[in-house]
Amino acid sequence: MSKPLQAIRGMNDILPAAAPLWQHFEQIVRDWVAGYGYHEIRMPIVEQTGLFSRAIGAVTDIVEKEMYSFTDHLNGESLTLRPEGTASCVRAVLEHNLLFGSPQRLFYTGPMFRHERPQKGRYRQFHQVGIESLGYAGPDMDAEHILMTARLWKQLGLNGIELQLNTLGTSEDRGRHRARLIHYLEAHQDQLDDDAKRRLHTNPLRILDSKNPALQAIIAAAPKLLDDLDEVSLKHFEALQALLRAAGVSFSINPRLVRGLDYYNFTVFEWVTDQLGSQGTVCAGGRYDSLVEQLGGKPAAACGFAMGVERLLALMEAQGIAPTHPVLDVYVVHVGEEADAVAMRVAEQLRDAGLSVVLHCGSGSFKSQMKKADASGARFAVILGEDEVKAGVVSLKSLRVQAEQVSVSTEEVAALVRG
């Protein structure tokens, strides 16, 4: 006998036992975005590879090493499973002229794909909730995004998540800083690891985000981008900090926070926790004012963030937030050919009354059906046999509390189940 097929490594099934937590999270998220006036957008999972190399940057880890790309055998086009949502969202906004006449507040949810080494909190297929605001230039929108996330942590019941903040300034700021940073790192080139050497002249800012313990002393002493900011960048960053302080949001400035995608400018932020081991970032984002023009649109301000669903769910579980399946109202037990036909109609009537109902399907004795009814978690069993069918009634039995079994008309069942 051949070995059963298995899921691809790093791409996980979400089993029924885990579904209630996902559903609980997703419902809170939908109510949360509605409270801020955001509208849902749904983009394809597959895009042209060029979209991501243009948006994310050709010399990033994502584009160089992590994307799932393939050639369409029908037309030879290079396609990629989306590794993140912002580029796809901006592409859709431009393609459908959504910025014509008004800015946009958008959100999306769904799977993303990166070929990384699977570990807890880092998967090859992972899920994100993304928020994108296009057409808003001021620090007030940056602040709204951070306030939104702070509110979501409260609504989810989470604690121990801290905000780190930085600014990447303008491209001119980064150009000045890049030259100083390369000069500094070249003086320590013999101490750099292979990744840092590879990035030294292509993407030196990413070296500052290295987790290699051997590089931390060099990184700590490196020139700071904050020292190269012009007046416009400083004003934006200081205004954002003032808005957050006025709103009572605590934060720390992390001058080494650079993010892994090339399209960011000005504000960048991460929400981090020490309760998930090495995968401590649960939400990250910032401003990307050049991306709309970079992808072929007219210049437009933009900012957004994304949160890792699996990481947030792991944090919820670690903090004891574990919703269970909704309680089932009724399990319908039926024995005999005449009862079989009536039972289906009764089950539909109970559902019409707003109750959750499982109708026993397949053969089984009365005793075995009652065992299944008890195991289902239902509060009541509705029982139909030959006697009930002849009398035009059903038997109602409480499965969770001591109560006398009663015979009632089908019209009375729903009211009795509701209590």
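The values are calculated or read from the model by the stated rules, or taken from the named source; none is laboratory data. This one's a predicted model, so the numbers in the text were calculated from it and none came from an experiment. Virtual Cβ from ideal backbone geometry, glycine too; neighbours counted across all protein chains shown.
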Legend entry - Count of the range 64-82 residues which are of a type outside the set (Asp, Glu), touching a residue at least 12 places away in the same chain (Cβ under 8 Å) and in contact with a Ser or Thr (Cβ under 9 Å, 6 or more places away or on another chain): 8
Legend entry - Criterion violated by TYR184 - all others in (1) free of Cβ contacts under 8 Å to residues at least 12 places away in the same chain; (2) in contact with a helix residue (DSSP H, G or I) (Cβ under 9 Å, 6 or more places away or on another chain); (3) farther than 30 Å from GLU293 by Cα satisfied: (1)
Inset, instruction - Find all pairs meeting these conditions: Cβ atoms under 6 angstrom apart; at least six residues apart or on different chains; first residue within the range 21-48 and more than 26 Å from ASP72 (Cα to Cα); second residue in a loop (DSSP other than H, G, I, E, B) and modelled with pLDDT under 95. - result: LEU21/PRO323; HIS24/PRO323
Legend entry - Some residue of the range 181-204 being in contact with a strand residue (DSSP E or B) (Cβ under 8 Å, 6 or more places away or on another chain) and surrounded by 14 or more Cβ atoms within 10 Å (Cβ to Cβ): no
Legend entry - Residue ID - nearest to PRO204 (Cα to Cα), chosen from residues in the range 37-63 that are among the charged types (D, E, K, R) and surrounded by 15 or more Cβ atoms within 10 Å (Cβ to Cβ): ASP61
Inset, instruction - Would you please list the contacts, defined by Cβ atoms under 7 Å and residues six or more apart or on different chains, that run from a residue in the range 205-226 that is closer than 14 Å to GLN189 by Cβ to a residue that is part of a helix (DSSP H, G or I) and among the polar types (S, T, N, Q)? - result: ILE218/GLN191
Legend entry - Near pairs, Cβ below 8 angstrom, 6+ apart or cross-chain, from the range 319-334 (closer than 30 Å to GLU386 by Cα) to any residue that is among the acidic types (Asp, Glu): HIS334/ASP340
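If you check ARG256, ARG311, which single one turns out to be part of a loop (DSSP other than H, G, I, E, B) and assigned by TED's automatic domain parsing to the domain that holds GLU66?
Values: ARG311 fails: part of a loop (DSSP other than H, G, I, E, B).
None of the others qualify; the one that does is ARG256.
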Inset, instruction - Hey, can you tell me all the residues within the range 99-119 that are surrounded by 15 or more Cβ atoms within 10 Å (Cβ to Cβ) and on the phi > 0 side of the Ramachandran plot? - result: GLY110
Legend entry - Exclusive hit being surrounded by fewer than 22 Cβ atoms within 10 Å (Cβ to Cβ), among the hydrophobic types (A, V, I, L, M, F, W, C) and closer than 16 Å to ILE56 by Cα, set VAL272, VAL232, VAL258: VAL258
Inset, instruction - Go through the residues of the range 295-306 one by one and say whether even a single one is in the same structural domain as SER102 (by TED's automatic domain parsing), surrounded by fewer than 13 Cβ atoms within 10 Å (Cβ to Cβ), at pLDDT 90 or above and closer than 14 Å to ILE146 by Cα. - result: no
